[in-house]
1. For the range 43-105, what is the charge dipole size about the Cα centre, in debye to the nearest 20, if Lys and Arg each add +1 at the Cβ and Asp and Glu each add -1 at the Cβ?
2. Mind listing the phi-derived Karplus ³J(HN,Hα) values for the range 35-47, rounded to whole Hz, using 6.51, -1.76 and 1.60 with θ = phi - 60°, and x for any glycine or proline?
3. What distance in nm separates the simple spin-label points at residue 21 and residue 55, each placed 7 Å from Cα in the Cβ direction?
4. Report the FRET efficiency, 1/(1 + (r/R0)^6), for residue 264 and residue 147, where r is their Cβ-Cβ distance and R0 is 25 Å, rounded to 0.05.
5. If you fit an axis through the alpha-carbon atoms of helix 99-111 and take the longest principal axis of the Cα set of the chain, what angle between them do you get, 0 to 90°, nearest 10?
6. Could you size up the charge dipole of the range 227-321 around its Cα centre, putting +1 on the beta carbon of Lys and Arg and -1 on that of Asp and Glu, and report it in debye to the nearest 20?
7. Limiting things to C-alpha atoms, what are the Rg and the maximum Cα-Cα separation (Dmax) for the range 161-206, in angstroms?
8. Are there any GluC sites (Glu not before Pro) in the range 1-90 that are in a DSSP loop and have at most 15 other Cβ atoms within 10 Å? List them by number.
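Every number in this text was worked out from the coordinates using simple rules, so none of it is lab data. These figures come from a predicted structure and were not determined experimentally. Glycine gets a Cβ as well: all are built from the backbone with ideal geometry, and neighbour counts include every protein chain shown.
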Amino acid sequence: MIKVGIIGAGFMGSMHATVYSQLPDVKIVGIADIRGEKAKSLATKFKTIAYFDPDQLINREDVNLIDICLPTYLHKEFVIKAAEAKKDIICEKPIALTVEDANEMIKVCEKNKVRFAIAHVLRFWPEYKYLKDIYDRGAYGQLLTISMRRVSPLPTWAWQDWLLSQEKSGGALVDLHIHDTDFLLYLLKTKPKKIYTKIKRKNGLDAHVFSIFTFENGVIAEVEGGFDFPSNFPFEMSYTAKFEKATVDFNSNKSPSLIIYEHSGKIDKPVFQKIKAEGVEGNIEDLGGYFYELRYFVDHIIHNKPFQVITPEEARDSLEIVLKEKESDLKGAEIEID
Ligand SMILES: NC(=O)c1ccc[n+]([C@@H]2O[C@H](COP(=O)([O-])OP(=O)(O)OC[C@H]3O[C@@H](n4cnc5c(N)ncnc54)[C@H](O)[C@@H]3O)[C@@H](O)[C@H]2O)c1
C-alpha cells in the first residue's frame, strides 16, 4: 500500500486526489494547502486529514509518496524538501522554470535515492499513446509532417492568478505548450535539429506560441499553443499526423475524437473510453490520461521498476527545448540545436 500526501489542493491536486481514490493500492493520508479551506474541503471529500503546513505532511513518518501539485515556481523548493525527507515524489509538469533548477532537483533526488516522476500526462493520454504506437510500429510508413494545437481560455482558476505571471508560470509557452513539445520529443525519440518560433505576448506574458520544428529524419512539426482565448472559447487539443500511407486526425472536441484516413480509401474510427473528471474546477473534463499516468507511476513505485515512459531527464530536456523556442522568438531567427 502506498501512502500518499498531496501538496496543493487546487485544480491538479483535486484531479490527482480523484485518481488516487480509485486506485486500490493507494491511500491518501493527507492533503496540504496554505489555503486552509481548500485543504479542508478536498480532505473532507476524500476522508483524509487536512494540513495547512505542507512540511508537517512531508515529514510524517508513514508517508511514502509526496505528490506535488503546486504552482510551478514552487516545484523546486518542495521537491527538494520531499527528497530530503526520503519520500518518493510525483511532481506536476513542467519540472521547473529553468534547466539549472531541474538539474538540481534531479541531483537531490538521486542523492537521496528517491523516485522522481514528472507528470507529463500526454504520454499517457489514450489518443496520443495511440499515435506513439502507430509511429513505433511503422503501421502507416514514415511520419512526414505533424500539426499540433492546444488552445484554452485564459486560465483564471489559479491561486492568486499565478498562471498569469510570466515569472511564476513561464506563460503559455512553459505551462501549456510544453505538453506538445514534450510529446514530440517522446514520439520522435530525439530533439529537433532546428526551431523557429513566434510568440504573441499580452502584458508581458507569453500568451500564444507558434513553432516549427525540423527533425533530423526530415519530419516537420508545426505546433500552436495559446491560453488567452475568450472565456467562452472551448479548450481544444488536437493533432494531424501525416504518414506515408495515412493521415491520423485527432481533435478533443470532436466525436469520434480520432479518425484515420488511409490512402487506400479506408476510414477507421477507433473508440476511446472517456472517464469523467467529476468535481474538478479547471478546463479538462476527462480524467483518463491522469488515471493512466498515476496508475503507471504507482505501479512502478510499488514494484520498484524504472520509469520508462518519462524520466526526469526527459522532462528537463522538454523544458530546455521550450526555452530554446523562446530564444528563437527573441532572436527573430531559426536556431539550431546541438
Ligand atoms: N498536467 C496538466 O494537464 C496540468 C493542468 C493544469 C496545471 N498543471 C500543473 O499543475 C501545477 C499546479 O497547477 P494548478 O492548476 O493545480 O494550480 P492551482 O492554483 O489551481 O493550485 C495550486 C494550489 O497550491 C496552493 N499553494 C500555493 N502555495 C502553497 C504552499 N506554499 N504550500 C501549500 N499549498 C500552496 C494554492 O493555494 C492552490 O490551491 C502546476 O505546475 C501546473 O503547471 C498541469
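1. 320 debye
2. My calculation for the range 35-47 gives 8, x, 5, 5, 4, 5, 5, 6, 5, 5, 4, 9, 6 Hz in order.
3. About 3.1 nm, to one decimal.
4. Numbers: r = 23 Å, r/R0 = 0.90.
Computed FRET efficiency for residue 264 and residue 147: 0.65.
5. Taking the Cα atoms of the chain, the angle to 99-111 is about 50 degrees.
6. Working: 10 positive and 16 negative charges, 92 e Å.
Here the range 227-321 has a charge dipole of around 440 debye.
7. When restricted to the Cα atoms of the range 161-206, Rg and Dmax are 12.5, 36 Å.
8. On the way: sites: 37, 61, 77, 84; in loops: 61.
Of the GluC sites (Glu not before Pro), the ones in loops of the range 1-90 whose Cβ has at most 15 other Cβ atoms within 10 Å are 61.
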